[in-house]
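These notes are about the structure you will find just below.
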Amino acid sequence: MSRYRLVPTPAQETALMGHCGHARYVWNLGLEQRLMWRPGRPPTPGYLAQAAQLTEARAAEPWLAAGSQTVQQQALRDLDQAWRNFWAGTHSRPTWRRAGQHEGFRIVGPQAQRVERLNRKWGRVWVPKAGWIKFRWSRQIPDAKSYRITRDSAGRSHIAFAAIPAPVPAPGTREVVGIDRGVAASAALSTGELLSCPALRRTEKTRLVKLQQQLARCRRGSNRRTRIKVAIARLRARETDRRKDWVEKLSTDLARGFDLIRVEDLKIRNMTRSARGTIEEPGRNVRAKAGLNRGILAQGWGLLVTRLEQKAPGRVEKVNPAYTSQTCAECGHCASENRENQAAFRCVACGHTAHADVNAARNIAAGRAVTARRGTRSVPLKREPHLATSA
């Protein structure tokens, strides 16, 4: 999707929040009906039955009829599609939508195509019951038949036009690049580049800590707590925006500059799993593991690979990460002594020295997958030869 910053007036923002509330109410009510099914009971109503019930509800409830019928019907369509995705095994089960966290609605049909450009920087879009709303014209608008308006926890509104962008064409140079993802260096390329994902500045981190301390002292439900939560959300959104911007630019540069991109096949969900354990078997070094998990998630590892696969389909390969950081990229010798520390790599066999992450990226670029016996798949080091048997 192509997303743009929406700039509504106070009256329009009130109308948008009303649409979000109606969409959330219809979604949760439809989800409740779906979850009422039990074995032995008749099937719960599907989209057509729920759409008919929505018409009856709009006739009986003036506050629901004051909203847009398109917004409410699309909420039911989105719910139906979410259940289809769940039964197909591609997505998890639909969950409840909460105020302040899941704020958004979708517009389809001819109304979604009423978009006009005002000048070089601004455009406007027609939203039912809200009128013309301005947005930042940061790039060309795609040809889309629907759009979705969302509001994040920081109070910002965005409009996203549903259109799949064309993939980035390959340069045709037959060059291959390997990417080693880490915490000290977010991405190390086999070309020797060490890239870091931008984060909050030192002053911003200090302010975030102070705001979190103030939040802990606020009374629940107070206006002061609400203001502090919005201030924290704005800092978090700033950090997220910087990470997404870095991922978008890096993934585009890699897709344009290399024909084949190799990355580690990391199980990020397993790597960032909590270490606190259970009451019977409590974990160890829980605080240190929690800090490591936050460091990993702040680097955008999964988002980078996802965007690479979307921009360069068929040109992204995942390599087994086993022993890539202990294997020499020059001679192929694998030993734990090669890794002197986090950044230094010195091969004990040939004396090759390099940055440890760059050396690992070169192994990834070569597609060098090491087995548990610390040998390559083609030349295992510790496997007995098979004797030929007579027929």
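Some notes on this structure:
- Among the listed pairs LYS205/LYS229; LYS145/LYS249; LYS134/LYS205; LYS244/LYS289; LYS267/LYS289, those whose Cα-Cα separation exceeds 22 Å are LYS145/LYS249; LYS134/LYS205; LYS244/LYS289.
- Inter-label distance for THR95 and ARG276, nm, one decimal - labels placed 7 Å from Cα along Cα-to-Cβ: 1.6 nm
- Accessible surface area normalised per residue over the stretch 200-300 is 70 Å², counting heavy atoms of protein chains with a 1.4 Å rolling probe.
- Electrostatic tally near HIS355: other residues with Cβ closer than 13 Å to its Cβ, Lys and Arg +1, Asp and Glu -1, net -1.
- Charge tally around PRO198: other residues with Cβ under 15 Å, Lys/Arg +1 each, Asp/Glu -1 each, net +4.
- When the helices of the chain are scored as -39500 (n - 2.57) per DSSP H run of n ≥ 4 and the total is divided over every residue, the value at 222 nm lands at -13000 deg cm²/dmol.
- Global geometry of the stretch 80-179, whether rounded, prolate or oblate, following the gyration tensor of its Cα atoms and the 1.5 cut on a/c: oblate
- Difference of contour (0.36 nm per residue) and Cα-Cα distance, ALA88 to HIS352: 90.0 nm
- Residue-wise HN-Hα coupling along the stretch 163-169, computed from phi with Karplus coefficients 6.51, -1.76, 1.60 (Hz; x: Gly, Pro): 8, 8, x, 5, x, 6, x
- Cysteines having no other Cys beta carbon under 4.7 Å from their own, within the chain: CYS20, CYS197, CYS218, CYS334
- Close amide-amide hydrogen proximity is noted between GLU317 and ILE261, ARG262, VAL263, each under 5 Å apart and 5 or more residues distant or on a separate chain (H modeled in the peptide plane; Pro and chain starts excluded).
- Remark: the stretch 1-95 carries 58 Å² of accessible area per residue (probe radius 1.4 Å; ligands, DNA and RNA excluded).
- Under 5 Å, built H, 5+ apart or other chain: amide partners of GLU175: ASP259, LEU260
- The stretch 150-201 versus the stretch 1-80: alpha-carbon centroid distance in Å: 34 Å
- Choice from ARG84, ARG120, ARG38 with maximal GNM fluctuation in the chain (Cα, 10 Å cutoff): ARG38
- Note on the stretch 21-76: with neighbouring protein chains present and a 1.4 Å probe, carbon and sulfur make up 60 percent of its accessible heavy-atom surface.
- Net charge contributed by nearby residues that have their C-beta within less than 15 Å of ALA65 (K/R +1, D/E -1): 0
- Surface composition of the stretch 166-273: carbon plus sulfur atoms contribute 47% of the solvent-accessible area (1.4 Å probe, protein chains only, all chains present).
- Residue among LYS145, LYS134, LYS267 with the largest mean-square fluctuation in a Gaussian network model of the chain, springs linking Cα atoms under 10 Å: LYS267
- Gaussian network model of the chain, Cα within-10 Å springs - most flexible of GLN50, GLN33, GLN113: GLN33
- Solvent-accessible area assigned to carbon and sulfur over the stretch 308-367 amounts to 43 percent, based on a 1.4 Å probe.
- Length available on full extension from LYS145 to THR44: 0.36 nm per residue minus the Cα-Cα distance, which gives 33.3 nm.
- Computed from point charges on the beta carbon alone (+1 for Lys and Arg, -1 for Asp and Glu), the dipole magnitude for the chain about its Cα centre is near 1580 Debye.
The values are calculated or read from the model by the stated rules, or taken from the named source; none is laboratory data. On a predicted model such as this, the values are computed, not experimentally measured, just so you know. For neighbour counting, all protein chains shown are included, and Cβ atoms are generated from backbone atoms with ideal geometry for every residue, glycine included. Protein only, heavy atoms only, side chains kept; ligands, DNA and RNA dropped before computing areas. Shrake-Rupley method; radii C 1.70, N 1.55, O 1.52, S 1.80 Å.
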